[in-house]
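As structure tokens, the structure follows; a few thoughts come after it.
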Amino acid sequence: MINDKNIFTDAEKLMQAGFSTKDSTEAVADFLHREQVKIGALDIGYLTGGQGEPLVIVHGGGDSGNAWLKNAVELSRHYRVYVPDLPGFGFSQPLGEEFILSEYVLFIEELRRHLGLDSFHLIGHSLGGSIALHYALTYPGRVKRLVLISSLGLGKEIARWARFCSLPIFYRAIKKTLLSLYRAARWVVRLFNYPLEDLVPPSLFRMSIGQGIMGLRGQTHVLAHRLSELLVPTLLVWGAWDYVVPARHAHAAAKLIPNCQVHVFRRTGHSVYKRKLEEFSQLVVRFLGR
């Protein structure tokens, strides 16, 4: 059952994602609803909807599950879709102040247990792709088919700006600056009797992600040496103009993964699932089957 609050919240997000005002509430009510559950000690939010084989989608490090609203609506026509907000994103509590990749792999397994899934299809984008890849290798019997989109973890290369932002000195400087601004802002809002609960502190966790996955020389959790162990059917999807993670990672990985397909979309970048919504959805449905 979908309450009015959930419809309103997700309708706003759908409009931001490109749905019309008229269609947004209907899209949520007809295809998706939001759940808020307790997994371990954490409050976790996720979107779900549809009928069919279970499909779990892991969003990237710059987004939350809401980034997949349009795709989730499309894919829910064929599958039972689950789009969790990873801990520290969206409607989910963080695991801590530091990003540790292995904890997020374990989170996917805890989510699977909570949902009562024996096995499922798994999609991951960017950082979520790295989490999905690690999960498939750690729990090989749980994943039916794997789709990685502009995924981290396949090679060391990553955009220079991302490497620079991961440097400890940059993190410390940004952390100190943002916390100082937050304290100053709290002083100002007190002065004008503005509700303090409306002022959200900067997330130290979100600032720490870069340090947890890369260094100045590139990515630090590369699994190229283990790709031959990945026996699950795998689809690698990229944008030819991806300047965060190069498309050549997909071609190199495909030579190592035993059962692998590659699709590179022309004239699009890192968020190919958004830019090529219809073509991407059709590609995924063909690969996963109905």
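I'm checking my understanding of the structure. Among residues of the range 12-34 that are surrounded by 15 or more Cβ atoms within 10 Å (Cβ to Cβ) and not in a helix (DSSP H, G or I), which one is modelled with the lowest pLDDT?
Top of the filtered list is 19.
Could you look through the range 235-282, keep only residues that are part of a loop (DSSP other than H, G, I, E, B) and of a type in the set (Lys, Arg), and pick out the one that is farthest from residue 74 (Cα to Cα)?
255
With the condition kept exactly as written, say whether any residue in the range 71-91 is closer than 23 Å to residue 223 by Cβ, surrounded by fewer than 21 Cβ atoms within 10 Å (Cβ to Cβ) and assigned by TED's automatic domain parsing to the domain that holds residue 46.
So far as the range 71-91 goes, no, none of its residues is closer than 23 Å to residue 223 by Cβ, surrounded by fewer than 21 Cβ atoms within 10 Å (Cβ to Cβ) and assigned by TED's automatic domain parsing to the domain that holds residue 46.
Pairs, please: C-beta under 8 Å, at least 6 apart or cross-chain, first residue at positive phi and in the range 145-158, second among the aromatic types (Phe, Trp, Tyr) and buried (at least 24 other Cβ atoms within 10 Å of the Cβ)?
Once the first residue is at positive phi and sits in the range 145-158, its partners that are among the aromatic types (Phe, Trp, Tyr) and buried (at least 24 other Cβ atoms within 10 Å of the Cβ) give 150/238.
Residues that are farther than 22 Å from residue 274 by Cβ: list the strands (runs of 3 or more DSSP E) wholly contained in the range 69-154 that include at least 2 such residues.
Where strands (runs of 3 or more DSSP E) fall fully within the range 69-154 and carry at least 2 residues being farther than 22 Å from residue 274 by Cβ, they are 143-149.
Starting from the range 83-97, take each residue that is under 8 Å from residue 64 (Cα atoms) and list its partners that are in a loop (DSSP other than H, G, I, E, B), counting only C-beta distances under 6 angstrom and pairs at least six apart or across chains.
If the second residue must be in a loop (DSSP other than H, G, I, E, B), the pairs left are 85/64; 85/91; 85/92; 89/64; 90/64.
Restricting the search to the range 52-67, which residues are at pLDDT below 95 and closer than 21 Å to residue 142 by Cβ?
Answer for the range 52-67, where residues must be at pLDDT below 95 and closer than 21 Å to residue 142 by Cβ: just 65.
The values are calculated or read from the model by the stated rules, or taken from the named source; none is laboratory data. Here the structure is a predicted model, which is why all the values come from computation and not from measurement. Note that each Cβ is placed from the backbone with ideal geometry, even for glycine, and that neighbours are counted across all protein chains shown.
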